[in-house]
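Asks: The following block contains the structure, expressed as C-alpha cells.
The values are calculated or read from the model by the stated rules, or taken from the named source; none is laboratory data. Being a predicted model, the structure only gives us computed values, none of them experimental. Ideal geometry is used to build each Cβ from the backbone, glycine not excepted, and the neighbour counts take in all protein chains shown. Heavy atoms of the whole protein, side chains included, go into the accessibility calculation; ligands, DNA and RNA do not. Shrake-Rupley method; radii C 1.70, N 1.55, O 1.52, S 1.80 Å.
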Amino acid sequence: MLVKDHRVSPATVERAFAQLVGEGLIEPRPGQGTFVRQAKESTTDRSDFSWQSVALGAARAGSGFMESLLTVPPPENLILSMGYLPPDLQASSLLANALRQTSGRPELWDRLPIEGLEPLRAWFARAVGDGAVFSPHDAIICGGGQSAIATTFRALVPPGRPVLVETPTYTGAISAARAAGLELVPVATDEQGVRPELLADAFRQTGSRVFYSQPTFSNPSGSILSAERRAAVLDIAAEARAFVIEDDWARDLDMTGTALAPLAAGDRHGHVVYIRSLAKSAAPGLRVAAVMARGAALARLKAARGCDDFFVSGPLQAAALAVVSTPGWKRHLNAARAALIERRDALVGALRLELGDRVTFQVPSGGMHLWLRLPDHIQDVALAAEMARQGVVVSAGRTWFPADTEGSFLRLTFAGQPTSLREGVKRLGKVIKQEMR
C-alpha cells in the first residue's frame, strides 16, 4: 500500500520504517504488525532539565553564530556562504582510495606520538620555504585548522590577556579566542592587509604578545598582505617580542600561482607560529592540519595538544599523507582552482549585472570568498535573514568583526555551481533594490 500510494520502492519504505523505529515513534510487534508508539501522558514522568540553567550560568558570547555557520542548510537552498569546497570539487575519490589502503594497516590503529606521523609532519614542513624554515620535529598534527587555532591560543595566551586580530577576521578565530577567555583587540585592515602603524600602536598600548593573522587571502575579505607590509609586520613582532599566528588557510587555493611566500618563510627567530590545513583544499572530513613553531613555543603547543585528544587518528593521518603524495593531488588542485576561477567570474558577473555600482567589492585572486560592501543604510543581519527566507544562504558581515563594524557587508562564497550563484544573486539583487527605493 505505501509503495503504491507514495510511488516509492520497497527498500525506501523499509529504510523509513527503520528510521521511525530508531526514533522511537513506531513499535514492531512480531506476528501482529507495526504500531504507533503511545506517548506518555503523565506529567510526573517528564524529565526536568531546569536545574541546568543555574549550573551552566550565562552562555559565552559569540557561540550562536558558529553553531548556525556549521549547520548544514536544506538541500533545496541556494548556498552563497560555505566554508569548504562543495562535493563536486572535493578530493573524494583520492581520499576513498587512500583510506581503503591505510585502514588495513594494524600499526596505524595503535597509539601514536602526540606530534603525529613523522612523514606527514615532514610534508607540512617542506611546504614552508622548501623546508628551510621548519623541520619535521617543529610540526604537530592537529585535528583540523580550527583545532590548531584553538590549541595555539590556549598555549600562547593566558586567560584574560589580550590577543590582537585583524578586523574583519575569521569568525572561527574569534570564537576560539573567546572560548579561551581572551580579550580580542581589533586592528584595522585595508586592501593591502593589516595596517602596520596601527599594529605597532596596538602592541604598545595593550602589552599583547600575540597577533593572529591571515596574510594570504584573508577570510572574509580576500585581502593579501603586501610584501612591504609583511616585512614590517615581522619587524614589529620582533620589536614587541611577540608571536604572529599565521593562519595560511587558502595556500592551496591560489588561483594565479603568484601568492607571496608565507610570513614564516622570512622569520629567523621563531616569532611566527604557522598553521596550515588540508580540509579546505581536500574535503571537510579530512580533519588534518599542522601547527609549526620553534623554541619554547613548540613545547607549549605540544603540551596543549596533548590535553585535547592525545593524537589524530592514525589511518586518517596516513590517508592524508597518501593523498598529498600522489600525482593525483596536483591534478585535483589544478581542477579545483580552474573551477573556482570560473565560478568566481560567474559571481562577479552576476553582481555587476544585477547590482552595478550599488555595491562594491574587490575581485579575489584566491580562496573562495568575496567581501561585498552594501549601502550603509541596509542592515546586513536583516538582509541575511530575509535571504534565508527566500532560500538563499549568505553570511552577514557583522559576525566577522571582533568589535564594532565598519560598515555593512555580506560574505559571499563562489564555490557553488554557476547557475546557483547567478540565481542567488538575482534574488539578492531584487531585495537590495527594493531596500534602496
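Asks: If you go through the range 402-437, how many residues are open to solvent by less than 10 Å² (accessible area, probe 1.4 Å) and closer than 24 Å to residue 163 by Cβ?
Replies: Here the count works out to 1.
Asks: Scan the range 269-282 for residues that are open to solvent by less than 10 Å² (accessible area, probe 1.4 Å) and in a strand (DSSP E or B) and report the count.
Replies: Adding up the residues that qualify gives 4.
Asks: Out of the residues in the range 236-263 that are over 24 Å from residue 210 (Cα atoms) and β-branched (Val, Ile, Thr), state the one that is most open to solvent (accessible area, probe 1.4 Å).
Replies: So the residue we want is 258.
Asks: Out of 257, 306, I need the residue that is at pLDDT below 95 and closer than 29 Å to residue 326 by Cβ. Which one?
Replies: Criteria check complete, one pass: 257.
Asks: How many of the residues making up the range 89-140 are of a type in the set (A, V, I, L, M), surrounded by fewer than 20 Cβ atoms within 10 Å (Cβ to Cβ) and farther than 29 Å from residue 334 by Cβ?
Replies: 3
Asks: Do the conditions hold for residue 285, that is, is it free of Cβ contacts under 8 Å to residues at least 12 places away in the same chain and either open to solvent by 20 Å² or more (accessible area, probe 1.4 Å) or in a strand (DSSP E or B) (or both)?
Replies: no
Asks: Next up: Which of the residues belonging to the range 153-186 are in a loop (DSSP other than H, G, I, E, B) and surrounded by fewer than 19 Cβ atoms within 10 Å (Cβ to Cβ)?
Replies: If the condition is that a residue be in a loop (DSSP other than H, G, I, E, B) and surrounded by fewer than 19 Cβ atoms within 10 Å (Cβ to Cβ), then 158, 159, 160, 161, 181 are the ones that fit.
Asks: Of the conditions (1) within 22 Å of residue 146 (Cα to Cα); (2) open to solvent by less than 40 Å² (accessible area, probe 1.4 Å), residue 309 satisfies every one except a single condition; which number is it?
Replies: Condition (2) is where residue 309 drops out.
Asks: What are the residues in the range 288-339 that are touching a strand residue (DSSP E or B) at 6+ places or on another chain (Cβ under 8 Å), in a helix (DSSP H, G or I) and assigned by the TED database to the domain that holds residue 97, if any?
Replies: Answer for the range 288-339, where residues must be touching a strand residue (DSSP E or B) at 6+ places or on another chain (Cβ under 8 Å), in a helix (DSSP H, G or I) and assigned by the TED database to the domain that holds residue 97: 297, 298, 301, 302, 305, 317.
Asks: Which pairs do you get when a residue that is modelled with pLDDT under 95, found in the range 362-376, comes within reach of a residue that is hydroxyl-bearing (Ser, Thr, Tyr), reach meaning Cβ atoms under 8 angstrom, with the pair 6+ apart or on two chains?
Replies: Listed by first residue and then by second, the contacts come to 375/408; 376/408.
Asks: Please go through the range 368-390 and pick out each residue that is of a type in the set (D, E, K, R) and either open to solvent by less than 70 Å² (accessible area, probe 1.4 Å) or under 23 Å from residue 169 (Cβ atoms) (or both).
Replies: Correct list: 373, 376, 380, 386.
Asks: Still on this model: Taking only pairs six or more apart or across chains, which ones have beta-carbon atoms under 6 Å, a first residue in the range 304-332 that is more than 14 Å from residue 119 (Cα to Cα), and a second residue that is part of a helix (DSSP H, G or I) and open to solvent by 20 Å² or more (accessible area, probe 1.4 Å)?
Replies: Between residues of the range 304-332 that are more than 14 Å from residue 119 (Cα to Cα) and residues that are part of a helix (DSSP H, G or I) and open to solvent by 20 Å² or more (accessible area, probe 1.4 Å), the close pairs are 304/154; 328/94.
Asks: State whether the residues of the range 288-296 include one that is closer than 15 Å to residue 150 by Cα, out of contact with any Cys (no Cβ under 7 Å at 6 or more places or on another chain) and open to solvent by 10 Å² or more (accessible area, probe 1.4 Å).
Replies: So far as the range 288-296 goes, no, none of its residues is closer than 15 Å to residue 150 by Cα, out of contact with any Cys (no Cβ under 7 Å at 6 or more places or on another chain) and open to solvent by 10 Å² or more (accessible area, probe 1.4 Å).
Asks: Another question, if that's okay. Given 197, 183, 166, which one is out of contact with any Gly (no Cβ under 8 Å at 6 or more places or on another chain) and of a type outside the set (Val, Ile, Thr)?
Replies: 197
Asks: Still on this model: For the range 312-326, what are the residues that are open to solvent by less than 10 Å² (accessible area, probe 1.4 Å) and over 15 Å from residue 279 (Cα atoms)?
Replies: 314, 315
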